[in-house]
Amino acid sequence: MSEVWKKLREQAKAATFTEVYVTVAGGRNVIIENVTHVYECNEILARVKTKEGDIFVWGEELRMSSFKEGIVRISGKITSLEFESKAGVKND
């Protein structure tokens, strides 16, 4: 691939939707968008990786119902969420 195409591809990738979004619905569901890896999910903890850092979902009877196209849905009684930023990533 030529350098011009590589540069255009990088610019297109940067212009696409890459923000990490976390949606909490009714204390029973969490949807996390732009997940790059699932570390673990058990009854009390779900931990996922994003380009900005790790997200921890704490609760009871947690279940992960999907990991498709970078979107994860976690169900159960959600008690807290934590975000651990990667070193060098600026969070405003």
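Rule-based calculations on the coordinates, nothing more; no lab input. As the structure is a computational prediction, the values presented were derived from the model and not from experiment. Note that each Cβ is placed from the backbone with ideal geometry, even for glycine, and that neighbours are counted across all protein chains shown.
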5 angstrom amide H check on Gly70, placed H, neighbours 5+ away: none
Value of Rg to Rh for region 18-85 (Rh from inverse mean 1/r over Cα pairs, i.e. Kirkwood): 0.91
Vicinal HN-Hα couplings computed from phi for region 37-43 (Karplus, 6.51 cos²θ - 1.76 cosθ + 1.60; Hz; Gly/Pro x): 7, 9, 7, 6, 8, 10, 5
Hits among lysines - C-alpha to C-alpha of Lys6 under 28 Å, sequence gap 8 or more where chains match: Lys49, Lys51, Lys68, Lys86, Lys90
Candidate aspartates and glutamates for bridging to Lys7, where Cα separation is under 14 Å - those fewer than 8 sequence places away on the same chain excluded: none
For region 59-64, Karplus couplings with θ = phi - 60° (6.51, -1.76, 1.60), whole Hz, Gly/Pro x: x, 10, 6, 6, 9, 9
Nearest-0.05 FRET efficiency for Ile71 and Ile44, computed from C-beta distance (R0 25 Å): 0.70
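Which of the trypsin sites (Lys or Arg not before Pro) found in region 30-92 are in a DSSP loop and have at most 13 neighbouring Cβ atoms, other than their own, within 10 Å?
On the way: sites: Arg47, Lys49, Lys51, Arg63, Lys68, Arg73, Lys77, Lys86, Lys90; in loops: Lys51, Lys86, Lys90.
Passing sites in region 30-92 are Lys51, Lys86, Lys90.
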Inter-part distance where region 34-53 and region 63-82 are each reduced to a Cα centre, Å: 8 Å
Length gained when the stretch Phe83-Thr23 is fully extended (0.36 nm per residue, less Cα-Cα span): 20.2 nm
